[in-house]
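Peer 1: Below are the structure tokens for one structure; questions will follow.
The values are calculated or read from the model by the stated rules, or taken from the named source; none is laboratory data. The structure presented is a predicted model; accordingly, all values stated were derived computationally and were not measured. We place every Cβ from the backbone using ideal geometry, glycine too, and count neighbours over all the protein chains shown.
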Amino acid sequence: MTTTLDHVLRVQNVTKRFELDSGSVVALDNISLDVQPGEFVSIVGASGCGKSTLLRLIMGLESCTAGNIELGEINISKPSVDRGMVFQESRLLPWKTVTENIAFGIPKSHHKKEHNAIVQQHVELVGLQGFEQALPHQLSGGMQQRVSIARALVGRPDVLLLDEPFGALDALTRIQMQQEVLRIWQRERKTMILVTHDIDEAIYLGDRVIVMSERPGTIRNVIQITLARPRDRSSSEFMSYRREIFQEFFGEQKKTFVFEI
Amino acid sequence: MVTNKTLKIVDRFLLPVVIPAVLLMLWEFLALKGVLRSTILPAPSIIGATLYDMVVTGELWGHLRTSLWRVIQGFTLGSSFGLIAGLLISMSLRLERSLLLVTGILRPIPIIAWVPVLILWMGIDEASKVTVISIGTFWPVLLNVIQGIRSTDRKHLEVARILGKSRSTILFHVVLPSALPSIFTGLRVGIGIAWMSVIGAELIAASQGLGFLIAYARELSQADVMLVGVACIGVTGLLIDILLRCIEKRLLRWNVNLSGNV
């Protein structure tokens, strides 16, 4: 196992431009961001502000137009098993069972003998004991997302990228999954970057909340959340963070309901 | 509830046989009344008696076996080629483009048109018949393999990329499984065409097989024997399709689009 402690993620002056038929669109404009190992960073912004694009760049699924991204000493140019990713849709392979889907996340270099033990360990990590042989279509949305998280973690990445992972879940399941992710983060101590449009979710989970503005996507503000975990969503401190972030959006334009409350 | 359950049984097993039974009775009745001439369309009871005779003497089984064996050979050959060619073509747009005209011209040619040509090239024995069948099987398999592979979910491919999977892992764990329903459709259409092709080939030139049975019975004006042959083709085709659907159901347990309609 590699130590994760010295792998700082550095996003340096990153700009991303998409060339479309109708001209070019600047999705991200000069973004800089350092994420410490083991840190939980939330990124909030209205839809279309480029926050998902930023995650895709960190994953290496797309390349920066300008600037660069480093993990530790290594420049990121393509996907690698040191970064894992969870999407809004679970993206499970429908023909594989829960254990087979999780095992699909194991890199080739692992010893075959350890596979079963590692997979079982991750089934337990996400609390899916008893569903090992189930197929994705037999699971609820929340359970599918748990499998997806286990699949991303089983390769032991240094950084886990979460792209609106609970956006498609109902409100109750979403809160449950946030607690679950918090538990996993506290246990595994991975660096996690969560992209969301849910301000509560961002405050509940993040050490820092990064507020992005839209078109072009820039970092508007970074808010340090100093509350102890687990956080009480109805506490006055939580509320004041919430108000602060709301103000960030309202200050911009009179576009009131562009994000979910 | 009991009534509900019996209703289900009636629905599932009784309903499909009601219409055939009524038709058969009507047919028998009209034959008895002399409306249908027995030299043109013998009564079902006469055809049944002929069928019984041919089964007992083993004559029918001999023809059926010959035809089935040709289909098995031709289908295996044609679908293997279809599968391999489909894999290659779907991986390279350039290859597909360069073959566009060739496939475009060859594909619409009816299978039967190949029979005389292949007899000229390969002689009148087994090889030409097996080739005809494999041509018939090749096209639907090829087209469905290409379509199945091309329609692989990009999101799944992206996941495989993120997890750093090799090309062969992506092929065997992502692309092929997702193409499997489509490949199966190709195989089912293919075997249907293979079964039709063998009869066609045998009608033109053969000394054994169901197609030959029908052609020979026509020369002898044995309408009942002809109809036994025709019925046998239909029943065998149905059985083959049911068999393939069973295999498909078992293999594609994950496919929620596959309902229990056998």
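Peer 1: Taking the stretch A:189-236 only, how many residues are outside any loop (DSSP other than H, G, I, E, B) and surrounded by fewer than 16 Cβ atoms within 10 Å (Cβ to Cβ)?
Peer 2: Residues in the stretch A:189-236 being outside any loop (DSSP other than H, G, I, E, B) and surrounded by fewer than 16 Cβ atoms within 10 Å (Cβ to Cβ): 4 in total.
Peer 1: Moving to a separate point now. Criterion first (of a type in the set (Val, Ile, Thr) and at pLDDT below 90) does B:Val256 satisfy it?
Peer 2: Numbers: of a type in the set (Val, Ile, Thr): yes; at pLDDT below 90: yes.
Against the criterion (of a type in the set (Val, Ile, Thr) and at pLDDT below 90), B:Val256 qualifies.
Peer 1: Further question on the same structure: Under the condition of being more than 20 Å from A:Leu93 (Cβ to Cβ) and touching an Asp or Glu at 6+ places or on another chain (Cβ under 9 Å), which residue from the stretch A:126-165 is surrounded by the fewest Cβ atoms within 10 Å (Cβ to Cβ)?
Peer 2: A:Gly127
Peer 1: In the stretch A:136-157, what residues are assigned to a loop (DSSP other than H, G, I, E, B) and in contact with a Lys or Arg (Cβ under 7 Å, 6 or more places away or on another chain)?
Peer 2: A:Pro157
Peer 1: In addition: Being assigned to a strand (DSSP E or B) and surrounded by fewer than 16 Cβ atoms within 10 Å (Cβ to Cβ) is the filter here, so list the residues in the stretch A:21-54 that pass it.
Peer 2: Here is the first cut: in the stretch A:21-54, the ones assigned to a strand (DSSP E or B) are A:23-35, A:40-44.
Within the stretch A:21-54, A:Gly23, A:Ser24, A:Val25, A:Asn30, A:Ser32, A:Asp34 meet the criteria.
Peer 1: List the helices (runs of 4 or more DSSP H) inside the stretch B:1-113, counting only whole elements, that have at least 3 residues being touching a residue at least 60 places away in the same chain (Cβ under 8 Å). First the steps, then the outcome.
Peer 2: On the way: elements: B:2-9, B:15-32, B:44-57, B:59-91, B:93-106.
Fully inside the stretch B:1-113 and qualifying: B:44-57, B:59-91.
Peer 1: Based on this model, can you work out whether A:Met177 counts as under 18 Å from A:Leu205 (Cβ atoms) and of a type outside the set (Lys, Arg)? Steps first, answer last, please.
Peer 2: Numbers: under 18 Å from A:Leu205 (Cβ atoms): yes; of a type outside the set (Lys, Arg): yes.
Here the answer is yes, as A:Met177 does meet what is asked.
Peer 1: Let me ask another. Condition (residue is out of contact with any Phe, Trp or Tyr (no Cβ under 6 Å at 6 or more places or on another chain), away from chain B (no Cβ under 12 Å) and either over 22 Å from A:Thr97 (Cα atoms) or among the hydroxyl-bearing types (Ser, Thr, Tyr) (or both)) applied to the stretch A:140-151: is it met by at least one residue?
Peer 2: yes
Peer 1: Name the single residue, out of those in the stretch A:97-117 being more than 7 Å from every other protein chain (Cβ to nearest Cβ) and in contact (Cβ under 8 Å) with a residue 24 or more places away in the chain, that is surrounded by the most Cβ atoms within 10 Å (Cβ to Cβ).
Peer 2: By that ranking, first place goes to A:Ile102.
Peer 1: On to the next question. What do you reckon, is A:Pro165 closer than 24 Å to A:Gly48 by Cβ, touching a strand residue (DSSP E or B) at 6+ places or on another chain (Cβ under 6 Å) and assigned to a loop (DSSP other than H, G, I, E, B)? Spell out how you get there, then give the answer.
Peer 2: Values: closer than 24 Å to A:Gly48 by Cβ: yes; touching a strand residue (DSSP E or B) at 6+ places or on another chain (Cβ under 6 Å): yes; assigned to a loop (DSSP other than H, G, I, E, B): yes.
So A:Pro165 fits the description; yes.
Peer 1: Going by what's in this entry, would A:Val123 be described as within 30 Å of B:Leu251 (Cβ to Cβ) and not in a loop (DSSP other than H, G, I, E, B)? Quick ask: steps written out before the conclusion?
Peer 2: On the way: within 30 Å of B:Leu251 (Cβ to Cβ): yes; not in a loop (DSSP other than H, G, I, E, B): yes.
So A:Val123 passes the test.
Peer 1: Still on this structure, I have one more. Test A:Gly67 against the criterion of being more than 14 Å from chain B (Cβ to nearest Cβ), closer than 20 Å to A:Thr196 by Cα and surrounded by fewer than 21 Cβ atoms within 10 Å (Cβ to Cβ), and give yes or no. Don't jump to the end; show me each part of the working.
Peer 2: Values: more than 14 Å from chain B (Cβ to nearest Cβ): yes; closer than 20 Å to A:Thr196 by Cα: no; surrounded by fewer than 21 Cβ atoms within 10 Å (Cβ to Cβ): yes.
Answer is no for this residue.
Peer 1: So A:Leu92 ticks every box in (1) of a type in the set (A, V, I, L, M, F, W, C); (2) free of Cβ contacts under 8 Å to residues at least 60 places away in the same chain; (3) more than 14 Å from chain B (Cβ to nearest Cβ) but one. Which box is left unticked?
Peer 2: Single failed check for A:Leu92: (3).
Peer 1: Can you name the helices (runs of 4 or more DSSP H) wholly within the stretch B:124-194 that have at least 2 residues being surrounded by fewer than 21 Cβ atoms within 10 Å (Cβ to Cβ) and more than 14 Å from chain A (Cβ to nearest Cβ)? Break it down into steps so the answer makes sense when it comes.
Peer 2: Values: elements: B:126-150, B:154-162, B:167-170.
Once the helices (runs of 4 or more DSSP H) in the stretch B:124-194 are filtered for at least 2 residues that are surrounded by fewer than 21 Cβ atoms within 10 Å (Cβ to Cβ) and more than 14 Å from chain A (Cβ to nearest Cβ), what remains is B:126-150.
Peer 1: Would you check which residues across the stretch A:80-89 are in a strand (DSSP E or B) and either closer than 30 Å to B:Lys249 by Cβ or more than 9 Å from chain B (Cβ to nearest Cβ) (or both) and list them? Lay out the reasoning, then the answer.
Peer 2: First, the residues of the stretch A:80-89 that are in a strand (DSSP E or B): A:83-86.
Result: A:Val86, single match.
Peer 1: Which one of these is over 21 Å from A:Gln36 (Cα atoms) and without any contact (Cβ under 8 Å) to a residue 24 or more places away in the chain: A:Ser236, A:Ser148, A:Ser213, A:Ser140? Break it down into steps so the answer makes sense when it comes.
Peer 2: On the way: A:Ser148 fails: without any contact (Cβ under 8 Å) to a residue 24 or more places away in the chain; A:Ser213 fails: without any contact (Cβ under 8 Å) to a residue 24 or more places away in the chain; A:Ser140 fails: without any contact (Cβ under 8 Å) to a residue 24 or more places away in the chain.
Only one candidate passes the filter, namely A:Ser236.
Peer 1: Next question, about the same structure. Go through (1) more than 14 Å from every other protein chain (Cβ to nearest Cβ); (2) crowded, with 16+ Cβ neighbours inside 10 Å; (3) among the basic types (Lys, Arg) and name the single condition B:Arg218 misses.
Peer 2: (2)
Peer 1: Tell me, please, whether a residue that is of a type in the set (Lys, Arg) and more than 22 Å from B:Arg188 (Cβ to Cβ) can be found in the stretch B:37-54.
Peer 2: Applying the first criterion (of a type in the set (Lys, Arg)) to the stretch B:37-54 yields B:37.
With more than 22 Å from B:Arg188 (Cβ to Cβ) added as a condition, the list becomes B:37.
Within the stretch B:37-54, one or more residues are of a type in the set (Lys, Arg) and more than 22 Å from B:Arg188 (Cβ to Cβ).
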